[in-house]
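One structure below.
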Amino acid sequence: MREDLGYRSYAKQALAGEPPSRAAALALLRAPDEHLREILLAAFAVRKRHFGSRVKLCMLRNARSGMCAEDCHYCSQSVGSTAAIDSYRLQRTDELITGAREAAARGARRYCMAVSGRGPSASDIAHLAATVRAIKAEFPMLEICLSLGIMDEDQARALKSAGVGWVNHNLNTSERFYPSVCTTHAYADRIRTVLAVKRAGLSICCGGIVGMGESDDDIVDVAFALREIGVDSLPVNFLQPIDGTQLEGATSITPAKGLKALCLFRFSNPASDVRAAGGRERNLGPWQGLALYPASSIFIEGYLTTPGLAAEPTRRMVEALGFSVEHEEDVGAGRPATFGGYA
Ligand code: SF4
């Protein structure tokens, strides 16, 4: 019989709709690595209730790269970064449609377009709304997510009426630690955008980054803040220190720590679509498949300015571990495509 190290109680609580206490959350992050298998199995029980064994593949496109006046210390697109990246203006509609076709051809269920900068202009919104209408005309079932920075409710409403389903805007870290990773905008600005997006009736994709030098308390704060907001999608990024950024010298987390953090986000946000996001390959290495125990979505073909695992090996990894890639026809079979959190 499998040894019970006490982690089943996390699953039981999550399945009953209760978050772990702060003490329990911290204990999870600090658990001995030898306990990881039990922690993952407990997180899997929660993931299974809400998502079965399905894995949503997401493909990200950097629709405008670089030239951003904000100073997010982790970001290679910040004006303060000397990282060697391609910089370019907002891509044309035909280029973004090509990206949607590539995403659909690779089996992605969600196509995420990210635009560098503090926030979108009126012309950015108009351009992206027209682009999304064209994409939805060709791929009505492809989920569309936009990541545009700080925005207001009217901008979010315009995107929703064009067919956008999700807006991504991450909290990234705790309110306490936020000034250590960005000085040009505040945690409160991020909360304001997230709430405006929700009021506009869009689903919110909002998560964090682990490995920026934050404390365990900071990770717990983010997990609990996301629960309070009630986020539909919850990307968990693992810092990939990029040469030329202010966090280039950050110490990487261990794969076990990254996986425990993912499990904490799952226990705290049981019905959210927890996504193993940027830095998965670099930080989790050969353990990355274990991320599927807590996570229900993963990315294919890389991130904004860093490469990642291609679609085919990702699919093989998913299937080799006994999970299955989500298809269009799965929508509605187990859960609605859009679902409320706790708010
Ligand atoms: S994360 Fe976004 S807002 Fe911050 S520097 Fe990068 S592109 Fe700019």
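Every read-out reported here was derived from the displayed coordinates using simple, explicitly stated rules and does not represent laboratory data. Keep in mind that what you see is a predicted model, and the values were worked out from it rather than measured. Methodologically, a virtual Cβ is constructed for each residue, glycine included, from the backbone with ideal geometry; neighbour enumeration extends over all protein chains shown.
Cβ separations smaller than 7 Å between residues 6+ apart or across chains give the following pairs from the stretch 288-303 residues that are acidic (Asp, Glu) to residues that are buried (at least 23 other Cβ atoms within 10 Å of the Cβ) and assigned to a strand (DSSP E or B): GLU301/MET59. Residues of the stretch 56-80 that are crowded, with 19+ Cβ neighbours inside 10 Å, near the ligand (Cβ under 7 Å from one of its atoms) and in a loop (DSSP other than H, G, I, E, B): GLU70, CYS72, CYS75, GLN77.
Quick one: is LYS48 under 30 Å from GLU102 (Cα atoms), without any contact (Cβ under 8 Å) to a residue 12 or more places away in the chain and of a type in the set (D, E, K, R)? So LYS48 fits the description; yes.
The lone criterion from (1) free of Cβ contacts under 8 Å to residues at least 40 places away in the same chain; (2) in a loop (DSSP other than H, G, I, E, B); (3) farther than 30 Å from GLU228 by Cα left unmet by GLU34 is number (2).
Residues in the stretch 82-122 that are touching a Gly at 6+ places or on another chain (Cβ under 6 Å) and away from the ligand (no atom under 16 Å from the Cβ): 0 in all.
Residue-wise test of (1) touching a strand residue (DSSP E or B) at 6+ places or on another chain (Cβ under 6 Å); (2) surrounded by fewer than 21 Cβ atoms within 10 Å (Cβ to Cβ); (3) of a type outside the set (A, V, I, L, M, F, W, C); (4) over 23 Å from LEU26 (Cα atoms).
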{"residue": "THR245", "(1), (2), (3), (4)": "no, no, yes, yes"}
{"residue": "GLU248", "(1), (2), (3), (4)": "no, yes, yes, yes"}
{"residue": "ASN269", "(1), (2), (3), (4)": "yes, no, yes, no"}
{"residue": "LEU290", "(1), (2), (3), (4)": "no, no, no, no"}
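Within the stretch 1-30, the only residue that satisfies the criterion of being in contact with an Asp or Glu (Cβ under 9 Å, 6 or more places away or on another chain), assigned to a loop (DSSP other than H, G, I, E, B) and buried (at least 18 other Cβ atoms within 10 Å of the Cβ) is TYR7.
Looking at ALA134, ALA156 in this structure, which one is more than 16 Å from the ligand (Cβ to nearest atom), over 23 Å from the mean Cα position of the chain (by Cα) and over 22 Å from TYR303 (Cβ atoms)? Selected residue: ALA134, the only one of ALA134, ALA156 that is more than 16 Å from the ligand (Cβ to nearest atom), over 23 Å from the mean Cα position of the chain (by Cα) and over 22 Å from TYR303 (Cβ atoms).
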